[in-house]
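Right, one structure below, let's go through it.
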Amino acid sequence: MVCLMRLTLECINGNFVNTAVAKLSSEGAVTVDHFFLPTPDANGGRATWKYIQDGSTVTAKAQVLLKAPDPTKDIDWVLLDTTSTTPGFFGKVKHVIRANTCKVFIL
């Protein structure tokens, strides 16, 4: 699975806000949308993944952050605990791991 990420900076009341949106694809077809909820869910989660095929979701919050091996090339790694799910493909997810990540700049 390949993750393609678009980073958007919005200016709200003079402050820049990072609103990351990711499209995860397999064999060229987008299979998962990744986004942040506008406000945390009841258990504190904001990072959310939605499986396109069945609409199931998993929302999670960071528990362990590991600094990137090379901050100029890599994105920090993180272990997230699930705070909520909906029935379907993501219905039984307990943890989400972001590791082996890299930054790609397209200007």
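The values are calculated or read from the model by the stated rules, or taken from the named source; none is laboratory data. Predicted model only: the values in this text are computed from it and were never measured. Cβ: placed from backbone, ideal geometry, glycine included. Neighbour counts: every protein chain shown. Surface areas here come from the heavy atoms of the whole protein model, side chains and all, with no ligands, DNA or RNA. Shrake-Rupley method; radii C 1.70, N 1.55, O 1.52, S 1.80 Å.
The table below gives the values:
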{"quantity": "Whole-Hz couplings from phi, Karplus 6.51/-1.76/1.60, listed for the range 67-77; x for Gly and Pro", "calculated": "4, 4, x, 9, x, 6, 10, 10, 9, 3, 8"}
{"quantity": "Local electrostatic count, residue 88, Cβ distance below 11 Å [Lys/Arg +1, Asp/Glu -1]", "calculated": "+1"}
{"quantity": "Per-pair calculated FRET efficiency, R0 = 25 Å: residue 73 and residue 52 via Cβ, rounded to 0.05", "calculated": "0.25"}
{"quantity": "65, 80, reordered so the largest accessible area comes first (probe 1.4 Å)", "calculated": "65, 80"}
{"quantity": "Interchain or long-range residues, amide H under 5 Å from residue 31's placed H", "calculated": "24, 25, 26"}
